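Participant: Pasting in a structure now, in structure tokens, and then I'll have a few things to ask.
The values are calculated or read from the model by the stated rules, or taken from the named source; none is laboratory data. None of these values were measured; they are calculated from a predicted model. Cβ: placed from backbone, ideal geometry, glycine included. Neighbour counts: every protein chain shown.
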Amino acid sequence: MRVSGIRRNRQPAGLLLVLPRYSRTRRCDVASIVPAVGDLVWGAVYRLDEMDRCALDTAEGFRPDRDPARNSYQRVDITVLKDGHRAEPLDVLTYIAEPQRNFVPCGPSDEYRTLILSGARYWRLPAEYLRTIERISETPRRSEAPISTGRRSSPA
């Protein structure tokens, strides 16, 4: 199912897609989200069992038993809006990147950009949001630089 937005403590808020970390595995900067009033990040929600969640923890560099500063991402509970409708909030977990010391942005690889775009197209995310994602390969980004160019996507 498609989802957008975020609400922390049931208060309206927003999210912005950023490229705050370099992945040695992918050999490029990788995505995360940061709070940003008025902005939206669209995505998909999956139902996971415990085995799936453990596999995802590993893929995202998250180990609950170690010092959080040593994890690449933190597992965070958030509330999102089904298809952007405020009347349909869903409590989900996501992964948010930990700041990376001495981060020097190089931008996403073509392969990573294609991976994100393929998922967005598969889930039929809004066209304006797809254009926002397409812009991520234009120039390398600073750690907290938004992928968008200031235009805000609105729920479909």
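Participant: Determine which member of the set Ala97, Ala120 is touching a Leu at 6+ places or on another chain (Cβ under 7 Å) and at pLDDT 90 or above.
Facilitator: None of the other options fit; the residue is Ala120.
Participant: Among (1) more than 21 Å from Tyr129 (Cα to Cα); (2) modelled with pLDDT under 90, where does Thr58 come up short?
Facilitator: Every listed condition holds for Thr58 apart from (2).
Participant: For the stretch 17-32, give me each residue that is farther than 13 Å from Glu60 by Cβ and either buried (at least 22 other Cβ atoms within 10 Å of the Cβ) or in contact (Cβ under 8 Å) with a residue 60 or more places away in the chain (or both).
Facilitator: Leu17, Val18, Leu19, Pro20, Tyr22, Arg27, Cys28, Asp29, listed by residue number.
Participant: So, one more: May I ask you to say which residue of Leu90, Leu15, Leu48 is more than 24 Å from Glu134 (Cβ to Cβ) and at pLDDT below 90?
Facilitator: Going through Leu90, Leu15, Leu48 in turn, just one is more than 24 Å from Glu134 (Cβ to Cβ) and at pLDDT below 90: Leu90.
Participant: So, Arg152, is that one assigned to a loop (DSSP other than H, G, I, E, B), modelled with pLDDT under 85 and either surrounded by fewer than 12 Cβ atoms within 10 Å (Cβ to Cβ) or within 16 Å of the chain's Cα centre (by Cα) (or both) or not?
Facilitator: Yes.
Participant: Which residues, counting only those in the stretch 72-124, are among the small types (Gly, Ala, Ser), surrounded by fewer than 16 Cβ atoms within 10 Å (Cβ to Cβ) and in a helix (DSSP H, G or I)?
Facilitator: Ser118, Gly119, listed by residue number.
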